[in-house]
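**Q** Dumping the structure here so I can ask a few things about it.
Read the figures in this text as sums done on the coordinates, not as results from a lab. As the structure is a computational prediction, the values presented were derived from the model and not from experiment. Methodologically, a virtual Cβ is constructed for each residue, glycine included, from the backbone with ideal geometry; neighbour enumeration extends over all protein chains shown.
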Amino acid sequence: MTTIFAKIVSGELPSKMVYQDELVTAFRDINPIAPTHILIVSNKIIPTVNDLTEDDEKITGRMMTVAKKLAEEEGIAESGYRLIINCNGHGGQEVFHLHMHLVGGRPLGPMLYHQK
Ligand code: 5GP
């Protein structure tokens, strides 16, 4: 089993990559919703947050520290940003390969809207 993100991680598909190590890879989202929109992806194929185990805690921890580092590099650490992980249908997940969105560079508004 492979995913479009696994092909980006391996270099088989092109991307605007901004970071890679032995656990995670980060690249710019193809359809950005803000001036900074980076995806931080596990190198290992983990479909959703539901599939995580304690053995993956090094990966999820690295995703957070890489997000912090990239936010600093993007110059958005002080202005602020949002980290998002979508899960399954109600979460709006489109690509079933664990990834965190790092979004910033403009005011992002409230996190969610109340349903009328
Ligand atoms: P999700 O909805 O699964 O949390 O987010 C998937 C994200 O992946 C979307 O923001 C979408 O724009 C991005 N995306 C989908 N395909 C590609 C691709 O081939 N390259 C890049 N760089 N981003 C992609």
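**Q** Being part of a helix (DSSP H, G or I) and basic (K, R) is the filter; apply it to region 48-101 and report the residue that is farthest from the ligand (Cβ to nearest atom).
**A** Taking region 48-101 first, the residues part of a helix (DSSP H, G or I) are 49-51, 54-74, 88-91.
Narrowing further to those that are basic (K, R): 58, 62, 68-69.
Details: K58: 22, R62: 18, K68: 20, K69: 19 Å.
Looking at residues that are part of a helix (DSSP H, G or I) and basic (K, R), I get K58.
**Q** Name the residue that is farthest from the chain's Cα centre (by Cα), counting only residues in region 70-83 that are surrounded by fewer than 16 Cβ atoms within 10 Å (Cβ to Cβ) and not hydroxyl-bearing (S, T, Y).
**A** Taking region 70-83 as the starting set, the residues that turn out to be surrounded by fewer than 16 Cβ atoms within 10 Å (Cβ to Cβ) are 72-73, 75, 77-80, 82-83.
Next, from what is left, pick out any that are not hydroxyl-bearing (S, T, Y): 72-73, 75, 77-78, 80, 82-83.
On the way: E72: 16, E73: 16, G75: 18, A77: 16, E78: 20, G80: 16, R82: 11, L83: 8 Å.
Going through the qualifying residues, I end up with E78.
**Q** Which of the residues spanning region 37-75 are touching a Leu at 6+ places or on another chain (Cβ under 9 Å) and over 30 Å from R106 (Cα atoms)?
**A** Correct list: K44, I45, I46, D51, L52, D56, K58.
**Q** Among (1) within 10 Å of L102 (Cα to Cα); (2) part of a helix (DSSP H, G or I), there is one condition I38 misses while meeting the rest; what is its number?
**A** Here I38 meets the rest and fails (2).
**Q** Considering only residues that are of a type in the set (A, V, I, L, M) and not in a loop (DSSP other than H, G, I, E, B), which ones fall in region 102-116? So that I can check it myself, show each step before the final result.
**A** Taking region 102-116 as the starting set, the residues that turn out to be of a type in the set (A, V, I, L, M) are 102-103, 108, 111-112.
Answer for region 102-116, where residues must be of a type in the set (A, V, I, L, M) and not in a loop (DSSP other than H, G, I, E, B): L102, V103.
**Q** Go through region 58-69 and report how many residues are surrounded by 13 or more Cβ atoms within 10 Å (Cβ to Cβ) and of a type in the set (S, T, N, Q).
**A** 1
**Q** Only residues that are closer than 16 Å to G105 by Cβ, within 11 Å of the ligand (Cβ to nearest atom) and crowded, with 19+ Cβ neighbours inside 10 Å: list them for region 19-36, please.
**A** Answer for region 19-36, where residues must be closer than 16 Å to G105 by Cβ, within 11 Å of the ligand (Cβ to nearest atom) and crowded, with 19+ Cβ neighbours inside 10 Å: just A26.
**Q** Report the residue count in region 1-11 for those that are exposed (fewer than 15 other Cβ atoms within 10 Å of the Cβ), more than 10 Å from the ligand (Cβ to nearest atom) and under 13 Å from N43 (Cβ atoms).
**A** Number of matching residues: 3.
**Q** Let me ask something else. Residues that are in contact with a strand residue (DSSP E or B) (Cβ under 9 Å, 6 or more places away or on another chain), small (G, A, S) and more than 22 Å from L112 (Cα to Cα): does region 43-66 have at least one? Lay out the reasoning, then the answer.
**A** Of all residues in region 43-66, those in contact with a strand residue (DSSP E or B) (Cβ under 9 Å, 6 or more places away or on another chain) come to 43, 56, 59-60, 62-64, 66.
When the remaining residues are screened for being small (G, A, S), the result is none.
Looking through region 43-66, none of the residues is in contact with a strand residue (DSSP E or B) (Cβ under 9 Å, 6 or more places away or on another chain), small (G, A, S) and more than 22 Å from L112 (Cα to Cα).
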